[in-house]
Amino acid sequence: MPNPPASAQTDATLDPADWDAFRALSHRMVDDSIDFLRALRDRPAWVPLPGEVRAALSEEGVPHAAQGEAAVYDEFLARVLPYTNGSRSPRFFGWVQGNGTPYGMMADMLASGMNAHMAGFNDAPRLVEERVIAWLAELMGLPAGSGGLLMSGGTMANYLGLAVARHARAGYDVRLDGTSGGPRLMLYASAEVHSWAQKCLELLGMGSASLRKVPVDDAFRVNVDAMRALIHADRAAGLRPICVIGTAGTVNSGATDDLEALADLAAAEQLWFHVDGAFGALARLSPALAPLARGIERADSLALDLHKWGFLPFEIACVLVRDAEAQRAAFSLTPSYLRDEGRGVIAGGLTFAERGPELTRGFKALKVWMSFKAHGVDAIGAIVEQNVMQARAFAERIAQVPGIELCAPVALNIAVWRWVADGFTEEQHDALNRELLLRIQESGLAVPSGSQVRGRYVIRTCITNHRTRWADLERFADGIAPLAHAIEQEMRAAR
Ligand SMILES: *Cc1c(COP(=O)(O)O)cnc(C)c1O
């Protein structure tokens, strides 16, 4: 045998040159992360990016040469760690986001260290993900043996549910013919459905015109009779209705559709029943709140996030599919180099790759498995319930403040409100509240978000936050009026 060339005999690697130094640096990383999390309550809810940090992060070219592990870590501490959107804070109430947990952080580190390939090999990580999916199916009331898959977020979990629905109900082979194999496929959801629905229909090739947005009632729940009428009209017009979408916890106001009635409608019309339970599904973890999501257990597919009301670090969500075979049928495709030999590393087949579009996937399941076991699922349910009680109490509290008006019932964990000033037009109210929201955020007081309810600009306080205590909400509530009065005066002076 000829000697290999010198370039094949170098021992370049990205493992540490000095393992002891690496260990010391790593311990410092863990200590700093824990110190930071521990002190969150004392920090502003949000810290805007300083100009020099923005410039430094925006302008650096490709780092071809080594800067050293410790030096780059110090840069992370100075320029990256402090400047997030604030979702870690106990006073973060914006959009629907979670905080992450310290234990989840460590589980993610362990998962990253294992670097398990989650297509579904004959190994322990596969069993961990299968267990997590089975636990979630049981918690949601779906039958044992249901399918499912852990996904990056609610958007992708919903996407997967609709992809299975499309394949199962199109009436022709969408894997072969795309969506040109027959009449236009139609789906029905509330006018309050989250924007994922449009994105997903575009991505699935059905087009956003395949989505019928059905009006809602005074409590922001979909009008089921109107949905039925639309289904009948579409069918009469030669279109093909395939799916009813229910929402458990709308993003605007936390409303949950009448899922029982939607399940009945889907059954009567022989349609797929998909539920977007991104955060609202987690209400099932609290015995007191579970009745709000009644009917969710009848879903053919159900999407839920664990990085919102499951409190785990981004990213983690799950889609559950009642008929596991329908899910496989929509995605299974096994090339010869991935054949199941019945023994060895690949025995049992690539379960997870057969359930969705991704082949290489990370070990997201570990943080769920470890956290559920370590904290107990009941503790998570108790905090979900705590958040709902906090939202109700916060709404009652701010309703007492002269100037604050509640704009929707507190159906779950979201209080929607605005500041009203004597003699202001609706346009002026919109402008005042937009400015109020920005000052609340920029002052570091709290991070709520804005939205529209019945065409008017409103401020949303959405509590999916295991760190929030009543004192945090009191501090926020007390801080609103001074900021609002200042804006009101400025606007009056400018008139
Ligand atoms: C957040 C949310 C989504 C999207 O989930 P991501 O995890 O952000 O992708 C979908 N539906 C509802 C109701 C949501 O609140």
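The values are calculated or read from the model by the stated rules, or taken from the named source; none is laboratory data. All of these numbers come straight from a predicted model, not from anything done at the bench. We place every Cβ from the backbone using ideal geometry, glycine too, and count neighbours over all the protein chains shown. Please note that ligands, DNA and RNA were not included when accessible areas were found on the heavy atoms of the full protein model with its side chains. Shrake-Rupley method; radii C 1.70, N 1.55, O 1.52, S 1.80 Å.
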Has the range 248-265 got at least one residue that is assigned to a helix (DSSP H, G or I), out of contact with any Pro (no Cβ under 7 Å at 6 or more places or on another chain) and crowded, with 24+ Cβ neighbours inside 10 Å? yes
Extreme residue, least open to solvent (accessible area, probe 1.4 Å), among residues of the range 27-60 that are hydrophobic (A, V, I, L, M, F, W, C) and part of a loop (DSSP other than H, G, I, E, B): ALA45
Qualifying positions in the range 182-210 - part of a helix (DSSP H, G or I) and open to solvent by less than 10 Å² (accessible area, probe 1.4 Å): TRP196, ALA197, CYS200, LEU201, SER210
Set SER195, SER190: member being within 16 Å of the ligand (Cβ to nearest atom) and farther than 13 Å from VAL275 by Cβ: SER195
Scan of the range 325-357 for residues that are part of a helix (DSSP H, G or I), open to solvent by 50 Å² or more (accessible area, probe 1.4 Å) and within 18 Å of ALA116 (Cα to Cα), ordered by number: none
Looking at the range 480-494, which of its residues are closer than 13 Å to LEU437 by Cβ and open to solvent by less than 30 Å² (accessible area, probe 1.4 Å)? ILE480, ALA484, ILE487
Of the residues in the range 275-324, how many are crowded, with 20+ Cβ neighbours inside 10 Å, within 15 Å of the ligand (Cβ to nearest atom) and assigned to a loop (DSSP other than H, G, I, E, B)? 13
Given the criterion outside the structural domain of ASP305 (by TED's automatic domain parsing) and either in contact (Cβ under 8 Å) with a residue 12 or more places away in the chain or of a type outside the set (Val, Ile, Thr) (or both), identify the matching residue among GLU385, GLU325. GLU385
Consider only pairs whose beta carbons are under 6 Å apart and that are at least six residues apart or on different chains; among these, list those whose first residue lies in the range 147-162 and is of a type in the set (Val, Ile, Thr) and whose second residue is within 9 Å of the ligand (Cβ to nearest atom). THR155/TRP196
Could you tell me which numbered condition ALA157 fails, if it satisfies all but one of (1) within 16 Å of the ligand (Cβ to nearest atom); (2) of a type in the set (A, V, I, L, M, F, W, C); (3) assigned to a loop (DSSP other than H, G, I, E, B)? (3)
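Rundown of residues vs (1) at negative phi; (2) outside any helix (DSSP H, G or I), yes/no style:
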| site | (1), (2) |
| --- | --- |
| ASN99 | yes, yes |
| TYR103 | yes, no |
| ALA107 | yes, no |
| LEU110 | yes, no |
| GLY113 | yes, no |
| HIS117 | yes, yes |
| GLY120 | no, yes |
| ALA134 | yes, no |
Residue under question is GLY450, and the condition is that it be assigned to a loop (DSSP other than H, G, I, E, B) and either polar (S, T, N, Q) or buried (at least 16 other Cβ atoms within 10 Å of the Cβ) (or both); does it hold? no
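Yes/no per residue for (1) away from the ligand (no atom under 15 Å from the Cβ); (2) surrounded by 18 or more Cβ atoms within 10 Å (Cβ to Cβ):
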position: ASN85; (1), (2): no, no
position: ARG88; (1), (2): yes, yes
position: GLY104; (1), (2): yes, yes
position: ASP123; (1), (2): yes, no
position: ALA134; (1), (2): yes, no
position: ARG169; (1), (2): yes, yes
Working only within the range 421-438, note down all residues that are part of a helix (DSSP H, G or I) and of a type in the set (Asp, Glu). GLU426, GLU427, ASP430, GLU435
